[in-house]
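Written out below as structure tokens is the structure these notes cover.
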Amino acid sequence: LLASVAIAHPRNPQTESIRFCEAYVQCAAVALLEERLCLGNSLLRPYWLPDSRDKHNCHEKLRNDYIKLEKMEEKLDNMLTSCLIRNTVPFNEQQMKQCDATTLKSAAKFSYGRSIYYVPTHCFTGVEKRRERECGRVQSCCAAVPKWVSGRPGN
């Protein structure tokens, strides 16, 4: 007879707050990518690629530039995460109850790297509305977001 025992570790109010800030930044980046994929309207072709019948081969000529832009966006997300972590505050008792694992799981996440493996739905609502819909619950659990959310690209 085998028994499995799960040991519950007490949640740290500071660590929990940081986890939600990190989840918010990733969720906001996913929301931006989803809205861009809506514009490209294709899962297999990046949003920035022109029509596959492009006789000037623009997508190939611009590929390195878009790779640089993607790296810059990743760096921006890392900077935003650092800023939110520096400016967040530990959870109070109410937040410890409200901001739980279910709330954390509600945030959109990248499937692999900085990619998603699904076709976005609810297209053309705009990045801000998409971010509110997909990230609102984790945003409310990162006290530092209201100070910085208006400076996020895509608003």
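Values in this text are rule-based calculations from the coordinates and carry no lab data. Fair warning: this is a prediction, and the values are worked out from it, not measured in the lab. Cβ sites come from the backbone with ideal geometry, for glycine too, and all protein chains shown count toward neighbours.
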(request) Determine the shape class of the range 13-151: with a ≥ b ≥ c the square roots of the Cα gyration tensor eigenvalues, call it rounded for a/c under 1.5, and otherwise prolate if a/b is greater than b/c, oblate otherwise. (result) prolate
(message) For 35, 60, 74, which order do you get if you count the other beta carbons within 10 Å of each Cβ and list the fewest first?
(response) 60, 74, 35
(message) Using Cβ counts within 10 Å as a stand-in for footprinting exposure, how do 124, 110, 91 rank, fewest first?
(response) 124, 110, 91
(request) Could you pull out every residue, at least 5 positions away or on a different chain, whose amide H is within less than 5 Å of the one on residue 91? Hs are placed 1.01 Å off N in the peptide plane, and Pro or chain starts have none. (result) 14, 17
(message) Test of understanding: ordering 103, 121, 88 by Cβ neighbours within 10 Å, fewest first, what list do you get?
(response) 121, 103, 88
(request) Project the alpha carbons of the range 79-129 onto their principal axes and report the range along each, largest first, in whole Å. (result) 38, 26, 24
(message) Students often get this wrong, so check it: of 109/129; 61/109; 75/109; 71/129, which have C-alpha atoms separated by over 28 Å?
(response) 61/109
